[in-house]
Amino acid sequence: MDAPSGFRNPGSTGGGGKPSRIRGKKISPNQNPQLFDDTSQQPPYGGQQQQYPPPGSQAPPQGFDQSAGFGSPTHGMSQPFAPQNLMSDPMANMAVQYGQNFAGQGKEYVQQNLEKYMSKSRLKYYFAVDTSYVGKKIALLLFPFTHSDWSIKYSQDEPVAPRYEINAPDLYIPVMAFVTYILLAGFILGTQDKFAPEELGMQASSALVWLIIEILVILFTLYIMNVSTDLKYLDLLAFCGYKYVGMICSLIAGLFFHSGGYYLVLIYCSCTIVFFLIRTLKVQVLPHSDPDSLATGNKRRTYILLFIAGIQPIFMWWLTGHLTGFNVNGLKI
């Protein structure tokens, strides 16, 4: 069946070789027929064509509203976090107020309990020292045999500050001696080519743990033996910390005179700390009334006194014995 004349090949001709016609239009042999209209350049239905920004431009496309909220074309897209929106939430405000009240109550509770167990004024008492007191107290620790008056003076039922009373316990000398012991131990390890930065931390933590254990053992012994004394835990901390002065002297002697000087000075300092503690603690451990009676518990108090003084040389040797392997061949003294 022949195709209609309007759909024949433009290059073909009729029987007489003439160009074909499409509904009255004359088409040249070199022109392709257009079956449909080109609508790619026409605007969309009901309005103008939407314009888009060129590539790289930051301007939003036409019809895009950045400030639009729910129900707008931007609904469903991620919105930036606004802190003011959070603070305007009633539940958030309630949570913040509850947290502030809880933090305030916790701070007040900690301050009350800290003041109960460690009063600031009481702690300041142990550091109320001066240069004259420090020099006299170190001399008393190293040469206690010439001292005669071991009583502690009181003012209105309160002990006199250490700067005015050489027999009063203090925490300044124990703290400074503890720090000096750690630094001296690091120096000695350096002479042995064993020093490392973490060694200082290990020495400090080890000495601190043994000091805490020592105080806990003394307090537990006092509780088990049912002995009540005038000693407070800060007093025990001060008296147990005085042994670091003898430990420093022993290490320095060992550094200059090797192991022979170390053990000689260690024995002497052990005797001095034992004598010092017995004479000092006797006033606070033994009762003031009826000192000649053993039936009132004086025997147990005497044992406690000897126990506190007797364990000091053991800890002095334990904390310094591992540092006695000195190697001073390469050290210029």
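The values are calculated or read from the model by the stated rules, or taken from the named source; none is laboratory data. As the structure is a prediction and not an experimental result, all values here were calculated from the model. Reconstructed Cβ throughout: ideal geometry from the backbone, glycine too, with neighbour counts over all protein chains shown. In case anyone asks, the SASA skips ligands and DNA or RNA and just uses the protein heavy atoms, side chains included. Shrake-Rupley method; radii C 1.70, N 1.55, O 1.52, S 1.80 Å.
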Of the candidates Ala168, Ala177, the one satisfying the condition of being in contact with a strand residue (DSSP E or B) (Cβ under 9 Å, 6 or more places away or on another chain) and either closer than 18 Å to Tyr233 by Cα or at pLDDT 95 or above (or both) is Ala168
Evaluate region 206-214: report whether one residue or more is surrounded by fewer than 16 Cβ atoms within 10 Å (Cβ to Cβ) and in contact with a Gly (Cβ under 6 Å, 6 or more places away or on another chain).
-> no
Looking at (1) closer than 29 Å to Tyr303 by Cα; (2) of a type outside the set (Lys, Arg); (3) out of contact with any Phe, Trp or Tyr (no Cβ under 9 Å at 6 or more places or on another chain), which is the one condition that is false for Phe257?
-> (1)
Test Tyr164 against the stated conditions and say whether it is open to solvent by 30 Å² or more (accessible area, probe 1.4 Å) and of a type outside the set (Lys, Arg).
-> yes
Pairs only if they're at least six apart or on different chains, beta carbon under 8 angstrom, first in region 123-134 and within 12 Å of Leu171 (Cα to Cα), second open to solvent by 30 Å² or more (accessible area, probe 1.4 Å) and assigned to a helix (DSSP H, G or I); list them, first residue then second.
-> Tyr126/Tyr172; Phe127/Tyr172; Val129/Tyr172; Val134/Tyr172
Which one of the conditions (1) surrounded by 13 or more Cβ atoms within 10 Å (Cβ to Cβ); (2) touching a residue at least 40 places away in the same chain (Cβ under 8 Å) does Ser151 fail to meet, given that it meets all the rest?
-> (1)
Note on Ala168: of the conditions (1) under 18 Å from Arg279 (Cβ atoms); (2) in a helix (DSSP H, G or I); (3) free of Cβ contacts under 8 Å to residues at least 40 places away in the same chain, unmet is (2)
Kindly indicate the residue of region 234-279 that is surrounded by fewer than 19 Cβ atoms within 10 Å (Cβ to Cβ) and of a type in the set (Ser, Thr, Tyr) and also nearest to Pro144 (Cα to Cα) among those meeting that condition.
-> Tyr268
Checked region 192-232 for anything more than 21 Å from Met316 (Cβ to Cβ) and in a helix (DSSP H, G or I); matches are Pro197, Glu198, Gly201, Phe220, Leu222, Tyr223, Ile224
